[in-house]
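I have placed the structure first, in the form of structure tokens, so that the comments after it can refer back to it.
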């Protein structure tokens with residue numbers, strides 16, 4: 001088969017890779033219906049993460065089970081399934097507590113390279129969630145979104161303790177931030193403030209439920225949030241970037257006793273302890289335990305309660321994956337859907 | 001009156017200060033029954049905090065209301081009261097959410113200097129909690145403890161999400177850490193691991209409910225916690241020191257999805273964002289909102305359910321305050337009670 005491989009900064013190639021095979025008896029092989037490019041893929045694409053050798057890319061996926069190992073019992077060939085970007089056994093104490101992305105046997109799906117027509121999924125029983133029946137094609141983008149970008153936005157809102165009546169600020173207008181808006185709306189937030197300077201993203205944020213747009217950044221952005229919240233700050237802040245500036249803007253935008261949910265993969269961030277101490281905020285984040293939310297999120301998509309697939313504003317055949325990265329890198333596209 | 005004033009590192013003097021007076025109509029003046037030296041007083045005493053001029057010291061207090069301003073209605077002269085180290089109005093949105101230490105009108109009691117026979121308490125209605133009747137003398141140490149050291153240990157356990165059945169690790173064997181043990185026990189923790197190398201403190205920890213003692217520190221301490229928890233880490237970790245080492249030891253001792261409650265006043269701490277991200281822990285702390293817990297903690301003391309006054313292992317007349325600091329600085333005393 002042919003799939004995406006990253007060779008170095010800006011150098012994604014679509015090239016021959018080995019067909020995935022069952023290696024462990026707990027594996028499944030999927031024929032992917034759709035895959036996509038993640039904002040976090042841009043870190044190595046931009047040279048911010050290094051890697052020792054050419055790296056198969058992609059960790060968001062949904063599709064049809066092609067084959068299962070002999071110990072797999074929860075899914076079977078022919079079923080449509082979605083999984084998270086971490087494979088997990090879903091039975092260890094960490095999984096049972098809802099932190100499947102930190103399963104004691106967690107496997108990073110990025111190592112499998114989901115920007116390809118076929119994918120090996122380890123720990124298939126714990127990782128994959130099947131839909132009741134084969135979904136129509138127009139629901140595939142929404143189901144694909146549950147695999148990471150929606151699951152991550154949802155976790156961010158949950159980690160930020162979004163509750164009915166809360167004021168929520170969202171730092172980061174990428175696909176995760178936008179779906180953080182959608183998640184906060186679903187969780188009953190009263191006021192959702194999207195911090196964005198990008199017109200198309202502002203528009204989608206408003207459609208997903210944002211009530212206000214703030215274009216200022218950094219300290220000025222914090223001041224605007226304070227002004228809009230009676231000087232107190234937001235109850236909940238979603239951090240969906242991962243830089244020092246975005247982290248500090250998030251912490252400073254939250255009121256004392258408020259919550260910051262941070263899901264941008266942190267790069268070069270150092271949180272000053274004294275400031276965090278006196279901020280009085282709750283800080284929680286990390287790689288989203290998407291598996292915890294998958295059944296609920298799949299239901300919301302299938303019942304047409306939400307349409308998270310709208311973050312895909314560019315659809316390309318898989319062999320044009322390099323253009324998919326370029327468009328996101330240049331912020332011409334929010335998120336690129338790839339069709340194998 | 002005469003009270004404690006810090007002139008510089010190691011230089012606490014007991015000297016003439018102005019008698020406190022009602023300044024604002026919301027003030028009360030207390031005649032203190034007891035006061036004490038806080039672990040956080042040792043930061044400036046050791047030169048880790050600087051201050052521009054001689055600094056009245058002390059922020060833990062209980063005693064009898066002597067006089068109230070004309071707008072004070074919740075307490076009256078003759079009542080025995082306890083207050084927190086932050087005065088707060090207890091009516092603003094931040095107070096109502098339980099974060100009185102970050103009240104929009106919060107006043108740091110340290111500025112008033114509670115290591116003295118009399119004390120002005122601003123915002124008396126919001127700050128002070130009266131006992132139903134005059135407590136017997138032997139309950140005064142316990143009631144004094146609720147003012148900060150117990151309230152802070154309790155907040156740490158709460159911020160660390162201690163729940164029935166949880167395994168709790170406590171980093172820091174000062175009075176706050178020890179009362180974190182007592183608090184965790186009250187909250188139903190199943191296993192409470194005190195990290196301490198100091199025999200008298202180990203003993204008191206065991207009496208307060210610790211089930212295990214770990215003498216290793218740093219990475220070795222983390223390894224021991226991991227070994228004792230099936231490789232996972234503790235559900236809840238109480239950080240009661242405030243250094244880089246104690247903060248990282250705490251974060252690393254918690255399991256993914258676990259909680260760290262940090263109450264040691266952080267000095268020179270920088271939390272690496274990437275490590276926090278992948279740790280998956282919840283981080284919450286800061287100056288404890290003691291006022292939130294005061295009514296409950298006072299009840300627990302008066303009903304003899306707990307005896308937090310046992311952390312005071314040195315009692316001195318107030319005029320020997322300098323020796324009280326020295327004994328704590330040299331770790332000869334856990335905590336010094338001062339009798340005006």
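Remarks
- A Förster radius of 41 Å combined with the Cβ-Cβ distance from residue A:91 to residue B:43 puts the calculated FRET efficiency at roughly 0.30.
- The peptide list A:248-260, A:97-109, put in order of mean Cβ contacts within 10 Å with the highest first, becomes A:248-260, A:97-109.
- Rounded to 0.05, the FRET efficiency of the residue B:223 and residue B:104 pair, given R0 = 45 Å and the Cβ-Cβ distance, is 0.55.
- Relative protection proxy for A:215-221, B:316-322, from highest mean packing down: B:316-322, A:215-221 (other beta-carbon atoms within 10 angstrom).
- The range B:108-147-the range B:17-62 distance, computed between alpha-carbon centres (Å): 12
- Scattering from the range A:1-135 was approximated by placing one identical point on each alpha carbon and applying the Debye formula without solvent; log10 I(q)/I(0) at 0.12, 0.20, 0.21, 0.23 1/Å stands at -0.46, -1.16, -1.23, -1.36.
- Shielding by partners - mean other protein chain Cβ count within 10 Å, residues of B:222-231: 1
- Largest GNM mean-square fluctuation among A:271, A:298, A:238, using chain A with Cα springs under 10 Å: A:271.
- Counting Cβ atoms of other protein chains within 10 Å of each Cβ in B:209-221 and taking the mean gives 0.
- From least to most packed, judged by other beta carbons within 10 angstrom and beginning with the fewest, B:81, A:176 follow the order B:81, A:176.
- Chain B shape via C-alpha gyration tensor axes, a/c threshold 1.5: prolate
- Protection proxy ranking for A:281-287, A:44-50, using the average of other Cβ atoms within 10 Å per residue and placing the highest first: A:281-287, A:44-50.
- Relative contact order (%) - the range B:154-285, alpha-carbon pairs under 8 angstrom, separation at least six: 27
- For the range B:271-315, backbone nitrogen atoms closer than 12 Å to the point 7 Å from residue A:278 Cα along Cα-to-C-beta are found at B:287.
- The calculated FRET efficiency for the pair residue B:76 and residue B:211, based on their C-beta separation and a Förster distance of 41 Å, comes to about 0.35.
- For the range A:51-200, the C-alpha radius of gyration divided by 2.2 N^0.38 Å, with N the number of residues, is 1.15.
- Where only DSSP H runs of four or more residues are counted, chain A gives -8500 deg cm²/dmol as its mean residue ellipticity at 222 nm, each run worth -39500 (n - 2.57).
- Extending 7 Å from the Cα toward the beta-carbon at both residue A:138 and residue A:323 defines two label points whose distance is 2.5 nm.
- Full-stretch length increase - residue A:163, residue A:11 - with 0.36 nm per residue and alpha-carbon distance subtracted: 50.4 nm
- Using a Gaussian network model of chain B in which every pair of alpha carbons under 10 angstrom is joined by a spring, one finds that among B:139, B:194, B:247 the greatest mean-square fluctuation is at B:139.
- Label zone of residue B:18 (point 7 Å out along Cα→Cβ, amide N under 18 Å): in the range B:95-133 this covers B:108-123.
- Entry note, chain B: relative contact order of 19 percent, from Cα contacts under 8 Å with a spacing of 6+ residues.
- Percent RCO, i.e. relative contact order, over the range A:134-214, from Cα pairs under 8 Å lying at least 6 residues apart: 27
- Neighbouring partner chain Cβ atoms per residue of B:261-267, average, 10 Å criterion: 3
Laboratory data are not the source of any read-out in this text; all were calculated from the coordinates shown. Predicted model, so just to flag it, every value in this text is computed and none were measured. Here Cβ is always computed from backbone atoms with ideal geometry, including for glycine, and neighbour counts include all displayed protein chains.
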